[in-house]
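Bear in mind that the values in this text are calculations on the coordinates, not laboratory data. Here the structure is a predicted model, which is why all the values come from computation and not from measurement. Here the Cβ positions follow ideal geometry from the backbone for every residue, glycine too, while neighbour counts run over all protein chains shown.
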Amino acid sequence: MPNPIFRGAFTALVTPFRDGRIDEAAFAKLVEGQIAGGIHGLVPVGTTGETATLSTEEHKRVVELCVEITNGRVKVIAGAGANATPEAIDLVRHAKAVGADAALVVTPYYNRPSQEGMFQHYKAINDAVDLPVLVYNVPSRTGSDISNETLARLAVLPNIVGVKDATSDMTRASLMRLMCGEDFVMLSGDDPSALGYVAHGGHGVISVTSNVAPAAVARKMDAALAGDFAAALTWQDKLVRLDKALFSDASPSPTKFALAQLGVCTEELRLPITPCAEAVRPVVLDAMRAAGLV
């Protein structure tokens with residue numbers, strides 16, 4: 001039987017701000033709410049955590065905070081990507097040093113490496129740090145798309161254990177499972193299609209929606225992974241409007257707006273992301289009502 005080391009719903013955490021600084025108290029409140037909701041793991045300083053706007057010191061502090069607050073109760077997969085390989089290695093080393101369970105390393109962005117360049121990037125990380133690494137493939141943001149063939153080459157390395165796949169391509173998921181093996185962790189990076197991704201052999205989701213609805217997203221994944229797709233579809237129907245609404249403006253602005261309605265954190269973001277547009281706010285609120293959150 002396949003035994004992937006990460007299964008279920010993992011939240012791509014927002015990074016709360018107040019007056020230009022990381023709001024550590026709000027971050028702790030967010031983490032505690034996630035754990036109380038039954039989420040299976042947490043992913044600090046990914047895309048949703050506005051990592052592109054954090055200094056290296058801030059990035060590392062958020063990872064440390066997440067590990068400290070979580071205290072082993074759920075898995076922590078630390079965002080640790082960079083388009084310079086030595087910088088990525090440094091962030092993965094830090095994640096290991098502070099006790100994260102794994103690192104999420106995005107494909108190098110902007111410089112658009114070849115497939116061989118991406119293989120060598122991840123191999124260098126694999127060779128430098130003894131920590132499980134998930135490849136984060138999100139071509140719409142990075143301009144680079146790692147192929148299933150390259151993932152299959154990486155899957156034989158001891159520390160490259162899986163992927164966060166944000167392509168929403170179900171056929172790709174089925175072929176990936178066949179090419180990389182059933183122990184290779186396959187987590188969806190797209191909330192609306194995560195149910196389908198599990199049906200194609202995936203092991204869960206790294207979710208934005210679970211910032212706002214951790215219990216519902218966790219139950220959806222629990223049902224799907226247990227093979228109860230009728231129950232999972234019921235949760236899908238409750239959540240799909242919210243899944244879409246949270247991306248109806250530049251992420252994570254709708255998510256921070258929703259969290260502010262729940263009293264978790266402020267709406268504050270860092271430029272170039274601006275507060276949720278006025279026209280989008282009622283869409284988010286309607287979706288929250290449909291999900292039973294307000």
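Using the Cβ-Cβ distance between Glu116 and Ser140 with R0 set to 25 Å, the FRET efficiency works out to roughly 0.65.
Applying 1/(1 + (r/R0)^6) with R0 = 22 Å to the Cβ-Cβ distance of Ala28 and Gln261 gives a FRET efficiency near 0.70. At an R0 of 41 angstrom, the distance between the Cβ atoms of Asp127 and Arg270 translates into a FRET efficiency of 0.75.
With both labels modelled 7 Å from their Cα along Cα-to-Cβ, the Arg73 to Ala226 distance reads 2.2 nm.
For the stretch 30-70, the residues whose backbone nitrogen is under 13 Å from a point 7 Å from the Cα of Arg18, taken along Cα to Cβ, are 30.
Taking a sphere under 11 Å around the Cβ of Gly41 and counting the other residues whose Cβ falls inside, with K and R at +1 and D and E at -1, yields a net charge of +2. Between the stretch 67-87 and the stretch 89-109, what is the C-alpha centre distance in whole Å? Here the answer is 5 Å between Cα centres.
Compactness check for the chain: Cα Rg over 2.2 N^0.38 Å is 0.93. DSSP bridge analysis restricted to the stretch 8-228 gives an antiparallel fraction near 5%, rounded to the nearest 5.
Once the chain from Leu285 to Ala152 is taken as fully extended at 0.36 nm per residue, the excess over their C-alpha distance is 43.7 nm.
The distance linking the stretch 226-294 with the stretch 136-182 is 27 Å (Cα centroid to Cα centroid, whole angstrom). Would you calculate a helix-derived [θ] at 222 nm for the chain, using -39,500 (n - 2.57) for each DSSP H run of n ≥ 4 and dividing by the full residue count, to the nearest 500? Value at 222 nm, helices only, nearest 500: -13500 deg cm²/dmol.
More than 12 angstrom separation, counting every C-alpha pair in the stretch 240-280; what % is that?
53 percent
Taking label points 7 Å from Cα along the Cα-to-Cβ direction, Arg172 and Leu233 give a separation of 2.6 nm. Relative contact order, whole percent, for the chain stands at 19, derived from Cα pairs under 8 Å and 6 or more residues apart.
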